[in-house]
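Peer 1: My questions will all concern the structure given below.
The values are calculated or read from the model by the stated rules, or taken from the named source; none is laboratory data. What you are looking at is a predicted structure, and each value in this text was computed from that prediction instead of being measured. So basically every Cβ, Gly included, is an ideal-geometry build from the backbone, and we count neighbours across all protein chains shown. Just so you know, the surface numbers come from the protein's heavy atoms only, side chains and all, with ligands and any DNA or RNA stripped out. Shrake-Rupley method; radii C 1.70, N 1.55, O 1.52, S 1.80 Å.
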Amino acid sequence: MDKIKERYSGFELLRIVAMILVLIVHVLICLPRPTTDFAIAEPFKAISFYFTDAISIICVNVFILISGWFGINLRLQRLSILLFQVFSLQL
């Protein structure tokens, strides 16, 4: 009988959230950045834009780390690939 793999629902949910945040990052890249005049006139919108940008930008790192974690299969070569991805994210 085949071995049944354990499902990690928490990681799957985090991966889905990271995918949605990647889409938000791509939308925010297309939008113009708030200027100083806009920030003075409408501070809540400017702060919410930068807050959303700051929260969303971590999604790429989270998505790569989750994908790498499930891709290593406890082999030295795959672990080294994951570590290379982690250290290259710091650049």
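Peer 1: Determine whether I24 is in a helix (DSSP H, G or I), open to solvent by 40 Å² or more (accessible area, probe 1.4 Å) and in contact with a Ser or Thr (Cβ under 7 Å, 6 or more places away or on another chain).
Peer 2: yes
Peer 1: Pick out the one residue from S9, S56 that is of a type in the set (S, T, Y) and over 16 Å from the mean Cα position of the chain (by Cα).
Peer 2: Matching residue, one of S9, S56: S9.
Peer 1: Another question, then. Would you check which residues across the range 33-83 are open to solvent by 100 Å² or more (accessible area, probe 1.4 Å), farther than 24 Å from I16 by Cβ, modelled with pLDDT under 85 and part of a helix (DSSP H, G or I) and list them?
Peer 2: L76, Q77
Peer 1: Then there is this: Tally time: how many residues in the range 25-58 are over 22 Å from G68 (Cα atoms) and touching a residue at least 24 places away in the same chain (Cβ under 8 Å)?
Peer 2: So the count comes out to 3.
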